[in-house]
1. Counting only residues that are buried (at least 16 other Cβ atoms within 10 Å of the Cβ), modelled with pLDDT under 90 and either within 18 Å of Trp111 (Cα to Cα) or β-branched (Val, Ile, Thr) (or both), how many does region 57-82 have?
2. Give the residue that is most open to solvent (accessible area, probe 1.4 Å), with candidates limited to residues of region 144-158 that are modelled with pLDDT under 90, under 29 Å from Leu110 (Cα atoms) and of a type outside the set (A, V, I, L, M).
3. Just checking, which of Phe85, Phe40 is part of a strand (DSSP E or B), closer than 17 Å to Trp351 by Cβ, of a type in the set (A, V, I, L, M, F, W, C) and modelled with pLDDT of 95 or more?
4. How many residues does region 108-143 hold that are surrounded by fewer than 17 Cβ atoms within 10 Å (Cβ to Cβ) and at pLDDT below 95?
5. Can you report the number of residues in region 83-107 which are open to solvent by less than 60 Å² (accessible area, probe 1.4 Å) and either at positive phi or in contact with a helix residue (DSSP H, G or I) (Cβ under 7 Å, 6 or more places away or on another chain) (or both)?
6. Within region 164-194, work out how many residues are open to solvent by 20 Å² or more (accessible area, probe 1.4 Å) and either at pLDDT below 95 or of a type outside the set (D, E, K, R) (or both).
7. Kindly list the number of the only condition in (1) open to solvent by less than 10 Å² (accessible area, probe 1.4 Å); (2) touching a His at 6+ places or on another chain (Cβ under 6 Å); (3) at pLDDT below 95 that fails for Ala346.
8. Checking Asn239 against (1) closer than 21 Å to Asp311 by Cα; (2) open to solvent by 10 Å² or more (accessible area, probe 1.4 Å), which test does it fail?
Amino acid sequence: MTLAGVSGVHAQARVDNSRAPTVAADVDRWPLKLPRGWNFGETLGVAVNSKGVVVVLNHPGTSTSGPIYGGATTNLWEFDPSGQFVREIGAGVYGFAYGHSVRFDRYDNLWYVDKATNSVIKFDPQGRVLMNLGRRAEGYDSFNPEHVVRPRPQDAKPIRGLFNGPTDVAWDDEDNIFVSDGYVNSRVVKLNKYGDWLTSWGRYGVGGVHADENPGAFQNPHNMQVDRAGNVYVADRGNRRIHVFDKDGKFLHFLFLDAPYDKSHPPTLFEMPAEQPDETAPWALCITNTPTQYLYAVDSEPGRIYKMTLDGRIVAIALSSSGRRDDQLNWPHALACPSENVLWVADMNNWAIKKITLHPERRLTPSASRP
């Protein structure tokens, strides 16, 4: 599906986030209790259902072989509302290899997205597989060797019915399924509640110096959410912006994480460009189910959490810089927001799940996070 009515450069009046307030936040470093002797590995996902049950997508560091990019290493661990470990979900499921996202739908079914096996799997509350979307490549396929070779995103030729590097899943109020088919195919896919393919939109492309060019062009649509009106929010991580579409893929506008930040702060991993942009890269999104819905976003650098109105106004910033302290994040990979000011964060490279409570009434004076 092409994006009608958009041009190569999008002139959009931006929300002024230059004075977005930083607020106090309580960080619980140990809200979940693992069995004695256990540890989290890289935590890529966290989800909370309507009863307060928490599920964590964990990469434990074990590895098995298979026709995927690297080692297969995935657990789904369930915890009760008090944080006690309950069980593992999905052990031995064929589509498990390198999990990227986990979400609960409004019926408390659990959905799992695997970027290595190109599968999206639906579990019922008892942990039984109800649906599989996409298909894991076979160990040997002499007729279709391209199934186990991933092209560069700019060279990809997306195929109806199959994914290549999917990253996240969301639903609208009609239970249509939306998948961000991200690392390779650079698109959003829409299916009905039975898994029948309806449409797709998006393509690989760059966002420009100020992240506002080429609507519908993605560099890794890494996370996504759908609001109560059916609008689709896509974290275009590589292009440092959030796309907003209607439920049929019509581009509406961009949102930006563009509050001032300390550009001299050293990142936790890798180097930052010499000329850092004003917009930072959204890694994960969550929309609250409160009467007034809020969009939460998080970036890896400077490592802040943003509470936003759905039109992109940043109403609160929590935390100030990336790092390895309890109140810092190191490559945060997923968010769950069971209430307006309570967040669960999969703090991937700190090997942690953190519960963060914002206090919007307690605004902090400008600090190192804001010049």
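1. Looking only at that region, the number is 2.
2. Ranking the candidates gives His147 first.
3. On the way: Phe40 fails: part of a strand (DSSP E or B).
Selected residue: Phe85, the only one of Phe85, Phe40 that is part of a strand (DSSP E or B), closer than 17 Å to Trp351 by Cβ, of a type in the set (A, V, I, L, M, F, W, C) and modelled with pLDDT of 95 or more.
4. Final tally of qualifying residues: 7.
5. Total meeting the criteria: 2.
6. Going through region 164-194, the residues open to solvent by 20 Å² or more (accessible area, probe 1.4 Å) turn out to be 164, 171, 173-175, 183, 192-194.
Now drop any that are not either at pLDDT below 95 or of a type outside the set (D, E, K, R) (or both), which leaves 164, 171, 183, 192, 194.
Matching residues across region 164-194 total 5.
7. Among (1) open to solvent by less than 10 Å² (accessible area, probe 1.4 Å); (2) touching a His at 6+ places or on another chain (Cβ under 6 Å); (3) at pLDDT below 95, Ala346 violates only (3).
8. If we test Asn239 against (1) closer than 21 Å to Asp311 by Cα; (2) open to solvent by 10 Å² or more (accessible area, probe 1.4 Å), just (2) comes out false.
The values are calculated or read from the model by the stated rules, or taken from the named source; none is laboratory data. The structure displayed is predicted, hence computed values, not measured ones. No Cβ is skipped: glycine too gets one built from the backbone with ideal geometry, and neighbour counts run over all protein chains shown. All accessible areas refer to the heavy atoms of the entire protein, side chains included, with ligands and DNA or RNA removed. Shrake-Rupley method; radii C 1.70, N 1.55, O 1.52, S 1.80 Å.
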